[in-house]
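Worksheet: one structure, shown below.
FYI, it's all coordinate maths here, none of it is from the lab. Worth saying up front: this structure is predicted, and the values here are computed from it rather than measured. Every residue, glycine among them, receives a Cβ derived from its backbone with ideal geometry; neighbour counts consider all protein chains shown.
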Amino acid sequence: MAYGGIEIPLHTLYNTTIELNKLIPMNNSNNSEINSPDFELANRQRIEIIRKEFEKGFGFLKEHPLSVTIFGSSQFQEGNFYYEHARQLAQKIVRKLSYAILTGGGPGIMEAANRGAMEAGGSSLGLTIDIPSEQATNKYLTEEVNFYYFFTRKVCLSFAAEAYIFYPGGFGTLDECFEILTLVQTGKIHSVPIILVGKKYWRKFDKLIKKQLAGKFKTIEDDDTELYKITDDMDEIIRIISNAPVREGLKCCGEDLI
């Protein structure tokens, strides 16, 4: 495939794990390397790989127009309260609403949600990330698509779900939570249910948002504190999702993009 006048082998675009390891590291490059033909080629390869990841990710999501995305820690194991809650909730969503369950495809809460969806006979979807030493893909996926770049995967995870459910988690979960909150706050995506499960975990988060950000420092509007709902009640979560309008794609600059 020719890109910008440079021929890029097709296997480079699809076997990202092998080929990206051969590209010039961006953060260790000196001026002579930046101006070299190899550096220019590496950049064009990266751009094309990023485009391909968005293309395959959006194509995958279009095949599943009704879905709920579930986030949470990769550390929780079977028997943990939140693991079992996510597993049961995913079962209820599939059985009562017939929605697909979408996760990052890894262990912990992701595994629990995918497991529940599969056990209920529904679509159990994973947007997996290529981190061989850290995250193993769980065995409860009916379909998956793999990513090399975190940011392309995160965009696709926030693309077109009917609701976003967050369980307790670490930096990644909080990053994804604030990402969705910001997209709704700024109108980049339509208003959508953002549900935080785990009252004990989210209580101080809620206090930070309301007392510090909205109250003391006025860095957000009071209305912004209503963008999310904290609840552990599965029936209430089902009602919230069922009452939410079906989304029709991604907004861009105030217009529907897809």
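Indicate the gyration tensor shape class of region 65-256 (rounded, prolate or oblate), computed on the Cα atoms with a ≥ b ≥ c the square roots of the eigenvalues: a/c under 1.5 is rounded; otherwise a/b larger than b/c is prolate and the rest oblate.
The shape class here is rounded.
Reachable lysines from K56, Cα under 21 Å, same-chain residues fewer than 8 places away excluded?
Correct list for K56: K154, K251.
What's the magnitude of the charge dipole for region 65-256 around its Cα centre, counting Lys and Arg as +1 and Asp and Glu as -1 at the beta-carbon? Answer in Debye, nearest 20.
Roughly 500 debye for region 65-256.
So who's got an amide H within less than 5 Å of the one on A100, skipping anything under 5 residues away but keeping other chains? H placed 1.01 Å off N, in plane.
Excluding prolines and chain starts, which carry no amide H, the hits are L66, S67, V68.
Taking only C-alpha pairs under 8 Å that are 6+ residues apart, what is the relative contact order of region 65-256 in percent?
20 percent
Over region 50-116, what is the mean sequence separation of C-alpha contacts under 8 Å (at least six apart), divided by residue count, expressed as relative contact order in percent?
40 percent
Find how many whole Å separate the alpha carbon centroid of region 126-184 from the alpha carbon centroid of region 189-211.
18 Å
Per-residue counts of other Cβ atoms within 10 Å, averaged by peptide: what ranking do you get for 213-219, 96-102, 191-197, 174-180, highest first?
Packing order, densest peptide first, comes out as 96-102, 191-197, 174-180, 213-219.
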